[in-house]
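The values are calculated or read from the model by the stated rules, or taken from the named source; none is laboratory data. Given the structure is predicted, the values throughout are model-derived calculations rather than measurements. Backbone-built Cβ (ideal geometry, glycine too); neighbour counts: all protein chains shown. Surface accessibility is based on the protein's heavy atoms, side chains included, excluding ligands, DNA and RNA. Shrake-Rupley method; radii C 1.70, N 1.55, O 1.52, S 1.80 Å.
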Amino acid sequence: MSNQKKRNFQIEAFKHRVVMDPKYADKTWKILEHAIHEFYNHNASGLSFEELYRCCAHMPKLICCTIFWYWGSEAIYDYDVATNCSCKALFVSGSHYVIINLVGCTINAYNMVLHKFGEKLYSGLVSTMTGHLKDIAQSVEAAQGGSFLEDLNRKWNDHNKALQMIRDILMYMDRTYIPSTQKTSVHELGPNLWKENVIYSSQIRTRLSNTLLELLHSEHTSEVIDRGILRNITKMLMDLGPSVHGQEFENHFLQVSAEFYCVESQKFIECCDCGDYLKKAESLLNEETERVSHYLDSRTEKKITNVVEKEMIENHMLRLIHMENSGLVHMLCDDKYEDLSRMYNLSGRVTDGLSKIREVMTSHMRESGKQLVTDLERLKDPVEYVQRLLDEKDKQDRKLGIQQ
């Protein structure tokens, strides 16, 4: 038995090719098209993803195969006549062969067949998704009042769920055909088609921007709004790309915010002293930072705070410093350390703010020192005179310590 010569087996292709159904590509696409419709219609639970993936895997390749039984095992082999390569199929289920892993196909064979049938799959996908998104746009356009943003957000979430399932069954196309043809991946195609057919719809685009700005204006005027829906919509715009977020929301938001704070600053500066005005400016800056943390993109924070700083502080810097009975000199003379600290911090956020403060403080200190050293009455008592100099130095050091 042990001396028996081992037999070598060699697997060879049949002499004749297996003829492919000329309508195979059309039939396969119909299956996939139906699946995409079901994804958007929330009926995906009844679909066989195994069958769909197999359709996608074979549709671009269209490999002519012959199946052989391996001697002494239950494994079968798929043989690619075109490339002379073997592709293992791991098991047989009933009368259907379930292909789990295909290996060994050459890049040249992939590109040859993908250029021939991959375009049908890709263009069909674009057409089918576009049709559904146009229907979605019409549905969102018909939404009334406050349901507009809610409906838009719900449809966006549904679109992303459908897109994820589409990506799953088109994984093979996404990894092979799309890179070779430099087309947009399915992952990017979904947001792009949503942007073109929904966000850029003539009945949605302006309405979306106006609705967002109206909500923000309501909150600026102390009304309670739904921050959750604002967060979801601004995130959707960011997911579509920073340029879309900027064009459709952020640029408009910054513009109307500048107009709002311009009016607010004029109103406050006419009725508040310097200390109260600075408290109000600080409060508004904190409110904008809070808004960013709740429902705006983090990259918007620097831009909106710059708007508040310019309108509330920079444009009124000199008037605040020289405000009668409450400006910088008044704060220095009355030892208003809290107000001085607030003025220093806010002035440091705007162009030349600290240099303007430095000029006034320098002038004030020189004048105070001059009055002290030229007071003839105090010169008569050297001890009191020296003590006054030391007290004045300690006082100025404390004020300068605010800047540390």
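Rounded to whole numbers, the Karplus 3J(HN,Hα) couplings from phi for the range 309-318 are 4, 5, 6, 8, 10, 4, 5, 10, 4, 5 Hz, using 6.51 cos²θ - 1.76 cosθ + 1.60 with θ = phi - 60°, and x at Gly and Pro.
Share of carbon and sulfur in the accessible area of the range 148-277 stands at 46%, probe radius 1.4 Å.
Amide H contacts for residue 322 (H built 1.01 Å from N in the peptide plane; partners 5 or more residues away or on another chain; cut-off under 5 Å): 328. Inter-label distance, residue 302 to residue 270: 3.6 nm, where each label sits 7 Å from its Cα along the C-beta direction.
Per residue, the accessible area of the range 174-244 comes to 49 Å², computed with a 1.4 Å probe over protein heavy atoms only.
Across the range 211-219, computed HN-Hα scalar couplings (Karplus, 6.51 cos²θ - 1.76 cosθ + 1.60, θ = phi - 60°) run 5, 5, 5, 5, 5, 5, 5, 4, 5 Hz from first to last residue, x flagging Gly and Pro. Multiplying the residue separation of residue 279 and residue 218 by 0.36 nm and subtracting their alpha-carbon distance yields 19.7 nm. The trypsin sites (Lys or Arg not before Pro) of the range 253-360 that meet both conditions, a loop assignment by DSSP and at most 14 other Cβ atoms within 10 Å of the site Cβ, are 299. Take 135-147, 191-203 and order them by the average number of nearby Cβ atoms within 10 Å per residue, most first; the result is 191-203, 135-147. A simple rule links phi to the HN-Hα coupling: the Karplus curve 6.51 cos²θ - 1.76 cosθ + 1.60 with θ = phi - 60°, which for the range 249-265 gives 9, 4, 4, 5, 4, 5, 5, 5, 5, 4, 5, 5, 6, 4, 5, 4, 5 Hz, with x for Gly and Pro. Here the contact order of the range 266-364, divided by its residue count and restricted to Cα pairs under 8 Å and six or more residues apart, works out to 29 percent.
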